[in-house]
Each structure stands twice: as structure tokens, then as C-alpha cells.
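Q: First, the structure itself, so that you have it in front of you.
Taken together, the values in this text are just the output of simple stated rules run on the coordinates, not laboratory data. For clarity, every value in this text was computed on a predicted model and none was experimentally measured. Virtual Cβ from ideal backbone geometry, glycine too; neighbours counted across all protein chains shown.
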Amino acid sequence: MKLCRAEYKTIAKFTDQLKPTRQSLKLLKERFPHHSQSTLLSIFSLEYQKRTKRSISKHHDPDVIESYYQRYLNEAKTRPSSPILLEMANEVDLSPSLLARVVVERFLQDQEDGVSVSKQVVSSMLREPTLIPDVHLARQVEQCTVNDCCYGPLVDCIKHAIGHEHEVLLRDKLRERNLSFLDENQLRAKGYDKTPDIILEVPIAVEGHVVHWIESKASFGDDQSHRTYLNEQFWSYWNRFSPRDVLMKGDGAFGAKRSPAEHPGTHWETKSEQGTRPGADKPIILLINGHTLAAGPLCVCLSVCVG
């Protein structure tokens, strides 16, 4: 199912009132039952991360950190069996995992006589709460990690697994069609430092465009994501490997188009208007909604991630 821009904005606006908990995902699915949970989660996660970036600085103010920590200590004495950090995170509108990190960092400062502990040590304790030298705090951190659907080590692990799964599916589909290609590991072995996921040794045609490489992204492809990936990755691929490419966006994106020029309001038009590459052929876009290829005609050449 294709997702139009208007419907995306409706979903994004609905997420403004949601907390980053798994209970919120149920509400989202009930409100938009025609979209897969993976697509809704991807949009929710993306929108919540934007929200967090706008407000995270206030949660790192020293006085605010101290108030969070003292409140945790006080409530841990009076309500030891309650999910204190989880409730506090919902109240202050902060990711449970991010609040857990703040409290653990402050706890470790007490343990080390005011000396700051490295981020690596804190991250290891968030990944493995049993390393925290306080059983009650360790339990609180575990609750935050398990219930957070946007941040934290569990979410990072899931994202990595999904990304790897999509890359494996992509390679399997290419092999099924007897297409000769080099994957990212093979390209790095040849000395390339920055590579797409797939380079086709023999280019193929997709809707009249010659396709040389494919990049898979297991995240929702909104305008901001496209701009970021374009600047950080895709133009370098364009320069190094070919002037005509396919960008594969995983887990949903705006309605499929034949070329970026027909995808109004996105970074493709902005680049053209700024004259970055005037008159040059631009990357074309292969869109996926959830785990299913959204652009039907493209399935003839690359039916990637189709269940």
C-alpha cells in the first residue's frame, strides 16, 4: 500500500500525543488499522526522535538531572516495587531509555565521588543492567529498556537485525534473478571505503533508467531523511559509481514515482533548483512500504523484500 503525503502528515500529527511506549503502538495501530505495524512504528520512531532533538537539552540541565535523581531516590524508598523511572519518563515526556541513562550517569557519579564515568561504561550497563551495582536501579533500567520503542539498546538491536534482514533478502532476490552483483563486504575487500549495499556488475533497466547500484534503508523515507542520506551518502555513490542509480527505501516512503523530478517537495527538486548538478541524470527511487515493494512495475526487475 502506498502512503500519500497527506496521510503521512495525519499519522505524524497523531504521534505528537503519544509516549514512546509499546502501549502507544497499540493505540497507533487501532487508529490506522490499514497500515502495517512496522510502517507505523517506523513513522512514530522517526517523529519521536525529531521531537526529542528539539527538547533534549532541557533534560540535560544539571539542576534538572539532580531533580530527576533525587526524585528517584525518594520514590525508591517509598515505592520500591513501582516502575518509578518509567512513570517519570512518561510524565516529563522523555524516552524511558534516555531517562535511565541520565539517572545511571548521576548514580555512578555518586559511586565515583563525583568523577564522571565514560559513556562506554554507561552504555554497557544499559545493555546489561546486571552490571549496575544496585539491584533496584538495575531492575528499573531493564523496565525502561523493554518498554521503550524508540530508543535504547533493545531498539538498536532490533533496527540492526531488520537492516541486516533486508540486505539478505535483497541479495537473495538478486540471485533468484541471476543478476551478477557485488555486495558491501566484497566492495570493501576491494578497497572501497564508502559503498552502497549492492553494485550490479551488469547494469539493468528499471522503467527506462539504467540501474548500477542499490542502497537499502530499513527506515521510513520522509523528506528530511532523504536530504540527510543524499548529502551524507548518495551523492558520493552517484559521483563514484554512476549517474543513474536506484535508491531503495525500506519500511515506507511517499508514493512511488518514476523519477525524483516527479517527486514534488523532496530534496531532489531542491538540489536541482540550487544547481548542484544542473542537467545531470539524478538517482531514481525504488520505494518499499513495510516489507513490500510499493512500486508495482519495478517488481519485474527487482521485487525486493516481497513476502
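Q: Sticking with the crude label model, points 7 Å out along Cα→Cβ, report the distance from Arg5 to Val210 in nm, one decimal please.
A: 3.2 nm
Q: Of Lys50/Lys194; Lys9/Lys159; Lys26/Lys58; Lys159/Lys217; Lys13/Lys53, which ones are farther than 20 Å apart at the Cα? Walk me through the numbers on the way to the answer.
A: Values: Lys50/Lys194 27 Å; Lys9/Lys159 23 Å; Lys26/Lys58 29 Å; Lys159/Lys217 10 Å; Lys13/Lys53 17 Å.
From Lys50/Lys194; Lys9/Lys159; Lys26/Lys58; Lys159/Lys217; Lys13/Lys53, over 20 Å: Lys50/Lys194; Lys9/Lys159; Lys26/Lys58.
Q: Roughly what would the spin-label model give for Ala161 and Gln224, points 7 Å off Cα along C-beta, in nm?
A: So the label points at Ala161 and Gln224 sit 2.7 nm apart.
Q: Moving on to the next point. Read phi for every residue in region 208-213 and hand back ³J(HN,Hα) as whole Hz from Karplus 6.51 cos²θ - 1.76 cosθ + 1.60, θ = phi - 60°, with x for Gly and Pro.
A: Calculated HN-Hα couplings, in order: x, 10, 7, 9, 9, 9 Hz.
Q: In addition: In the P(r) worked out for region 98-155, what percent of Cα pairs fall beyond 18 Å? Let's see the in-between values first.
A: Values: 397 of 1653 pairs.
Percentage above 18 Å: 24.
Q: Let me ask something else about it. Would you mind checking which residues have amide H under 5 Å from Ile204's amide H? H placed 1.01 Å from N; only 5 or more apart, or other chain.
A: For Ile204, whose amide H was placed from the backbone, the distant partners under 5 Å are Val211.
Q: If you don't mind, another one. Which order do peptides 203-211, 153-161 fall in by mean Cβ count within 10 Å, highest first? All intermediate terms of the calculation are to be shown ahead of the outcome.
A: Details: 203-211: 15.9, 153-161: 13.9.
Output ranking for 203-211, 153-161: 203-211, 153-161.
Q: What is region 100-204's relative contact order, in percent, from Cα pairs under 8 angstrom and six or more apart in sequence? Don't skip to the end; give the middle numbers.
A: Details: 68 pairs, mean separation 15.8, N = 105.
Dividing the mean separation by the residue count of region 100-204 yields 15 percent.
Q: Going by average Cβ density within 10 Å per residue, which order do the peptides 77-84, 109-116 take, highest to lowest? Show your work: numbers first, answer last.
A: Working: 77-84: 12.4, 109-116: 9.9.
In decreasing order of mean packing, 77-84, 109-116 become 77-84, 109-116.
Q: If you wrap a convex hull around the Cα atoms of region 30-132, how much volume per residue is inside, in Å³? Could the numbers behind the result be given before it?
A: Numbers: hull volume 14.7 nm³, N = 103.
Taking only Cα atoms, region 30-132 has a hull volume of 143 Å³ per residue.
Q: Quick one: Karplus J couplings for region 71-81, per residue in order, coefficients 6.51, -1.76, 1.60, θ = phi - 60°, nearest Hz, x for Gly and Pro?
A: For region 71-81, the Karplus curve yields 5, 4, 4, 5, 6, 5, 6, 8, 9, x, 8 Hz.
Q: Still on this model: Could you let me know the centre-to-centre spacing of region 135-177 and region 78-126, using Cα atoms, in angstrom?
A: Cα centres, region 135-177 to region 78-126: 22 Å.
Q: Suppose R0 equals 22 Å; then what is the FRET efficiency for Arg79 and Ser116 from their Cβ-Cβ distance, rounded to the nearest 0.05? It would help to have the intermediate numbers written out before the result.
A: Numbers: r = 29 Å, r/R0 = 1.32.
E(calc), rounded to 0.05, equals 0.15.
Q: Also: How high is the FRET efficiency from Asn239 to Gln23, r the C-beta distance, R0 45 Å, rounded to 0.05? Please list the in-between numbers first.
A: Numbers: r = 46 Å, r/R0 = 1.02.
That pair, Asn239 with Gln23, gives E of 0.45.
Q: Could you give me the ³J(HN,Hα) list for region 47-57, computed from phi with Karplus coefficients 6.51, -1.76, 1.60 and θ = phi - 60°, whole Hz, x at Gly and Pro?
A: Coupling constants for region 47-57: 5, 5, 5, 4, 4, 5, 4, 6, 10, 5, 4 Hz.
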